[in-house]
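I have placed the structure first, in the form of structure tokens, so that the comments after it can refer back to it.
The values are calculated or read from the model by the stated rules, or taken from the named source; none is laboratory data. Being a predicted model, the structure only gives us computed values, none of them experimental. Heads up, the Cβs are rebuilt from the backbone with ideal geometry, glycines too, and the neighbour counts pull from every protein chain shown. Remember, those area values only see protein heavy atoms, side chains included, never the ligands or the DNA or RNA. Shrake-Rupley method; radii C 1.70, N 1.55, O 1.52, S 1.80 Å.
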Amino acid sequence: MAKRRRVGNILALAVLATLVQRPMHPYEMASLLRARGKEQDMRIKWGSLYTVVGNLEKHGLVEATESVRQGGRPERTIYRITDAGREELLDWTRELISTPEREFPRFEAGLSVLGVLPPEEAIDLLRQRLGLLEQELDRDRDALAEHGKDVPRLFLVEMEYDLAVRAAEATWTRSLLDELASGSFPDLDVWRAWHETGEIPPEMAELADRGRPQD
């Protein structure tokens, strides 16, 4: 089970991992995170960066070291990671790497109610999704190969993982499409009859009523 973090916003993890290199101000943190494409690895709301840094400071995970001003720019506060911040970064990373956590992709939510669509429409939409997935995979494989020429693999493993997950999704989607298109998907006729007649077949109605409160 995931621990309750003093600052639970995943952006805090990125900030700590950036500050472990050297002290810097929030604007520089954001520039580095963007340059490294971190928004592709984690959900980042850039507008909350200063709030996250402030919360990290409040809990003693980072501390301000100095304020600097360059030319006519606003004064900027330089932060560094504390010993407590290093411990938090290591503990959080260990948890993320070692402990599986159930996630709920939007695709899974759509699949859970796939039956509301007629089979033929479901087939068309899945083909559309598969086509887009294959385009993205081809593009991102090329990007990974290009990055790999200059960047050590240690800093690319998250891209490898993302590609592997999406490739598995594409394989599974292709298999489902084959079943639907060939007619081998179980109860396909029942599903199709539901949409042709507008009446829920008894088999499906029984399932839909499970858990219904008794009068």
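Global dimensions of the chain from alpha-carbon coordinates: Rg and Dmax equal 24.4, 76 Å.
Per the Cα gyration tensor, the stretch 96-215 maps to an equivalent ellipsoid with semi-axes of 38, 20, 9 Å, ordered largest to smallest.
Between TYR27 and ARG94, the simple label model (points 7 Å from Cα in the Cβ direction) yields a spacing of 3.8 nm. The length gained by stretching the chain between ASP41 and ALA84 to full extension, at 0.36 nm per residue less their Cα-Cα distance, is 13.0 nm. Given their separation in residues at 0.36 nm each and the Cα-Cα distance between them, GLU101 and GLU203 gain 33.3 nm when the chain is fully extended. Computed on protein heavy atoms with a 1.4 Å probe, the accessible areas place VAL151, VAL7 in the order VAL151, VAL7, largest first. Semi-axes of the equivalent ellipsoid for the stretch 108-148, computed as √(5λ) from the eigenvalues of its C-alpha gyration tensor and ordered from largest down, come to 31, 11, 4 Å.
In the chain, the calculated helix contribution to ellipticity at 222 nm averages -18500 deg cm²/dmol per residue, counting -39,500 (n - 2.57) for every DSSP H run with n ≥ 4. Note on THR77: accessible area approximately 40 square angstrom, rounded to 10, probe 1.4 Å, nucleic acids and ligands left out.
Can you compute the modelled spin-label distance between ASP187 and HIS59, with each label point 7 Å from Cα toward Cβ, in nm? Taking the two extended label points, one gets 4.5 nm. For the chain, what % of the accessible area comes from carbon and sulfur atoms, probe 1.4 Å? Summing carbon and sulfur atoms, their accessible area is 52 percent of the total for the chain.
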